[in-house]
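I have placed the structure first, in the form of structure tokens, so that the comments after it can refer back to it.
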Amino acid sequence: DTGVSQDPRHKITKRGQNVTFRCDPISEHNRLYWYRQTLGQGPEFLTYFQNEAQLEKSRLLSDRFSAERPKGSFSTLEIQRTEQGDSAMYLCASSDTLEGGSPLHFGNGTRLTVT
Amino acid sequence: RKEVEQDPGPFNVPEGATVAFNCTYSNSASQSFFWYRQDCRKEPKLLMSVYSSGNEDGRFTAQLNRASQYISLLIRDSKLSDSATYLCVVNGLGDMRFGAGTRLTVKP
């Protein structure tokens, strides 16, 4: 078990550019979550997948954000036409619905800075 | 109204103190509950799950009150190493929602 891994750890981009982040969950976990966290706030739910199906997407998420999990394994989160307000830590987590209470296991996150 | 609300904090307590955090949730159909700990610039880590009958893990006690829709975390005999942000997490129907977190600082 190598844990949840995220790539890259840090990303600096200019406003208007597109960025894509990758998350590799714990291999036997069927659920995968994306969160965004800014300083002093708790993680804000963005979306989650069960296997390859995207089951819920936050109403607060603009159309510039899209996530995929094509084969039910790794997932990507893309942000198009980035804005300075997108600067945040993007956290990925996975869980196993067979595990008691299904707690989340987090990756180290991708820190995005939009200049 | 936010789906999960926590005491705003921050809490500054001396070593050895007992401190309690509360968290309320709005979705009465919520199924499972957790407390996470987050150190500065690190990812959240599971502290403990919260069971209906209440549960204890060493100095930490978690309780759930479904009727009033809140969960609590009690830390006894606090240590310097308990300084962190504590996040409550509520699982509705698969989505996992976090509170804003409560910052705890334990001082010598």
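The test for being charged (D, E, K, R), at pLDDT 95 or above and assigned to a strand (DSSP E or B) does not hold for A:ARG15.
The sole residue among A:THR82, A:THR110 that is within 14 Å of another protein chain (Cβ to nearest Cβ) and either modelled with pLDDT of 95 or more or farther than 28 Å from B:LYS2 by Cβ (or both) is A:THR110. Would you point out the residue of segment A:40-65, among those that are polar (S, T, N, Q) and assigned to a loop (DSSP other than H, G, I, E, B), that is modelled with the lowest pLDDT? Among those residues, the one meeting the criterion is A:SER62. Starting from segment B:89-102, take each residue that is more than 8 Å from chain A (Cβ to nearest Cβ) and list its partners that are assigned to a strand (DSSP E or B), counting only C-beta distances under 6 angstrom and pairs at least six apart or across chains. Taking only residues 6 or more apart or on different chains, the pairs are B:VAL90/B:VAL4; B:VAL90/B:TYR25; B:VAL90/B:PHE33; B:VAL90/B:ARG97; B:THR102/B:GLN6; B:THR102/B:PHE21; B:THR102/B:TYR86. Of all residues in segment A:19-55 being within 9 Å of chain B (Cβ to nearest Cβ) and touching a residue at least 40 places away in the same chain (Cβ under 8 Å), which is surrounded by the fewest Cβ atoms within 10 Å (Cβ to Cβ)? Ranking the qualifying residues of segment A:19-55, first place goes to A:GLN50. Out of segment A:66-113, which residues are outside any strand (DSSP E or B) and of a type in the set (Phe, Trp, Tyr)? Once the filter is applied, which keeps residues that are outside any strand (DSSP E or B) and of a type in the set (Phe, Trp, Tyr), segment A:66-113 yields only A:PHE74. When A:ASN108 is tested against (1) surrounded by fewer than 19 Cβ atoms within 10 Å (Cβ to Cβ); (2) touching a Pro at 6+ places or on another chain (Cβ under 7 Å), only condition (2) is not met. If you go through segment A:85-107 and keep only what is away from chain B (no Cβ under 14 Å) and of a type in the set (Gly, Ala, Ser), you end up with A:GLY85, A:SER87.
The values are calculated or read from the model by the stated rules, or taken from the named source; none is laboratory data. Small disclaimer: the values here were computed from a predicted structure and weren't measured. Ideal geometry is used to build each Cβ from the backbone, glycine not excepted, and the neighbour counts take in all protein chains shown.
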